[in-house]
């Protein structure tokens with residue numbers, strides 16, 4: 001009985017904490033925290049170009065040489081990455097704005113954005129990217145991760 005009451009309290013409390021964090025004051029960033037916000041234009045442009053890359057492995061141009069994509073527990077690199085992201089018969093559309101999650105001023109960014117895919121599995125989830133600034137100033141994706149849609153709830 002006590003565990004049920006604790007869960008009923010803990011879930012709403014956790015959601016409130018997440019909302020407060022997302023809506024926090026940018027002045028908090030000066031105190032050493034990272035605040036979810038809009039990413040720099042060059043980060044947003046990289047993600048837009050990645051999305052528009054199309055077929056023929058062009059998406060690989062946006063990844064570091066060791067870059068990879070995670071889908072659930074599966075990791076894809078190289079041609080497997082390109083084939084996974086360019087699956088025919090599945091359409092994708094952004095359903096939220098791009099949100100900057102991490103920027104500590106060291107050239108590393110973590111961003112996420114909601115996406116709907118339609119095809120064999122239809123639903124809304126999110127894509128998260130870790131982006132690194134290369135020595136020449138170019139931004140490349142070190143890793144991307146799709147929050148795999150799960151059909152089992154519970």
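Just one of the listed residues (15, 60, 46) is modelled with pLDDT under 90 and either more than 24 Å from residue 96 (Cβ to Cβ) or assigned to a helix (DSSP H, G or I) (or both), namely 15.
Of the residues making up the stretch 41-70, those that are exposed (fewer than 15 other Cβ atoms within 10 Å of the Cβ) and touching a residue at least 40 places away in the same chain (Cβ under 8 Å) are 42, 66.
The values are calculated or read from the model by the stated rules, or taken from the named source; none is laboratory data. Since the structure is predicted, the reported quantities are computational estimates derived from the model, not experimental observations. All Cβ positions, glycine included, derive from the backbone under ideal geometry; neighbour counts span all protein chains shown.
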